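The values are calculated or read from the model by the stated rules, or taken from the named source; none is laboratory data. Just so it is clear, the model here is predicted, and its values are computed rather than measured. So basically every Cβ, Gly included, is an ideal-geometry build from the backbone, and we count neighbours across all protein chains shown. To get the accessible areas, we keep the full protein, side chains included, count just its heavy atoms, and leave off ligands, DNA and RNA. Shrake-Rupley method; radii C 1.70, N 1.55, O 1.52, S 1.80 Å.
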Amino acid sequence: MTDVFARLASFGDRYRLETGPSGDGWLACDRLLDPGSAELGRVLEAERTASGQVSAHATALTVMAVYAGTVTASALLAWALEDVLVDMRPGNVAIRLSPHHGFESVAVREAAVRPGSLETLVAWTLDEHLLPLAGAMRVRTKAGLRQLNGGVAHGCAAAFCIASRLGADVDTLHAAYLRFLSAAPVLDPLGEVVRLREGDREGLFYLRRTCCLYYTSAEKAKCSSCCLDSVDDRLAAYRRVLAAGVVPH
């Protein structure tokens, strides 16, 4: 277990998991699935304040993408690289809010890894966690479900894509992502992972087909996978990323 968690953390904060959350400031993720809960309200308000979003539905879309790309990302990477399961069912996960865009930290109550199937991974992270959260935010904010699910798709893809540019084996991650997508067909129409090479650098990148509306925030910036940019423009930008050796979200 320690080795798996340490390897996840070696790829950066996106994949770092704390264990046995205690003390003040932790929000139980199963509470976020209740659209009327105070906890979901706190998550949405924290992001609205941090990013300066102008509407409730835009805030929800931003939260969904960053939540899927951080809170459950470690489970996807553990399965892809180690062929083990980390229990990311919402009752086993807690988060700390951040004064900035995103989340301060993620923790699991039961810090165990175990062998298991791809179907179990999809059930725990997608069917029991991310998709119900999207449904709760749909009820709470009236954000479009397709756009919310687009944030789920983007965040899940980010778990593979970011690691591919941080030293993890690209062949392994690409094959794992395609297997994951085959077991989660609801995500397939919402975007596409592409594999690019520039010189001796190679990586996976995501092309969104839905918008998270982050450009409406106070930052007035589009995410790197924004569907408001053409595919050609995004691919050109991604190639520049590879050439420069930087790792954007």
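Given a 1.4 angstrom probe, I'd like the percentage of the accessible area of region 14-71 that is carbon and sulfur, rounded to a whole number.
49
For percent of Cα pairs over 24 Å apart, one of (1) 42; (2) 51; (3) 54 was computed from the structure I shared and the rest are decoys. Which label?
From the options (1) 42; (2) 51; (3) 54, the structure gives (1).
Picking from GLY12, GLY91, GLY151, which is most flexible by a Gaussian network model of the chain using Cα springs under 10 Å?
Highest fluctuation among the options: GLY12.
Roll a 1.4 angstrom probe over the protein heavy atoms and tell me the percent of accessible area of region 98-249 that is carbon or sulfur.
The nonpolar share, carbon plus sulfur, comes to 53 percent.
State to the nearest 20 debye the size of the charge dipole of the chain about its Cα centre, where the only charges are +1 on K and R beta carbons and -1 on D and E beta carbons.
Roughly 660 debye for the chain.
So if a site counts as exposed when it's one of the GluC sites (Glu not before Pro), its DSSP state isn't H, G, I, E or B, and it has at most 13 other Cβ atoms within 10 Å, what's the longest stretch of the chain without one?
With a cap of 13 other Cβ atoms within 10 Å, the longest stretch comes to 1-109.
GNM, the chain, Cα, under 10 Å: largest mean-square fluctuation among VAL193, VAL152, VAL93?
VAL193
Suppose only helical runs count, i.e. DSSP H with n ≥ 4. What mean residue ellipticity at 222 nm does that imply for the chain under -39500 (n - 2.57) per run, divided by all residues and rounded to the nearest 500 deg cm²/dmol?
Computed ellipticity for the chain at 222 nm equals -14000 deg cm²/dmol.
Can you work out the accessible area per residue across region 1-110, with the rest of the protein chains kept in place, probe 1.4 Å, in square angstrom?
On a per-residue basis, region 1-110 sits at 39 Å².
What size of dipole, in debye to the nearest 20, comes out for region 61-135 about its Cα centre when the only charges are +1 on Lys and Arg C-beta atoms and -1 on Asp and Glu C-beta atoms?
220
Taking the alpha-carbon centroid of each part, what is the distance from region 44-74 to region 116-191 in angstrom?
Spelled out, the Cα-based centre of one part sits 16 Å from the other.
Let me understand region 87-172 better: what is its radius of gyration from the alpha carbons, and its Dmax, in angstrom?
14.6, 40
Note down the net charge around GLU198, summing +1 for each Lys or Arg and -1 for each Asp or Glu among other residues with Cβ under 12 Å from its Cβ.
Charge balance near GLU198 sits at +4.
What longest region of the chain stays clear of trypsin sites (Lys or Arg not before Pro) that DSSP places outside H, G, I, E and B and that have at most 13 other Cβ atoms within 10 Å?
By the stated rule (loop sites, at most 13 other Cβ atoms within 10 Å), 1-141.
Considering only TYR214, LEU133, VAL93, whose Cα is most displaced toward the positive end of the charge dipole of the chain, charges sitting on Cβ of Lys, Arg (+1) and Asp, Glu (-1)?
Highest projection toward the positive end goes to TYR214.
Explain nothing, just the number: dipole magnitude of region 1-107 about its Cα centre with +1 on each Lys and Arg Cβ and -1 on each Asp and Glu Cβ, in debye rounded to the nearest 20.
200
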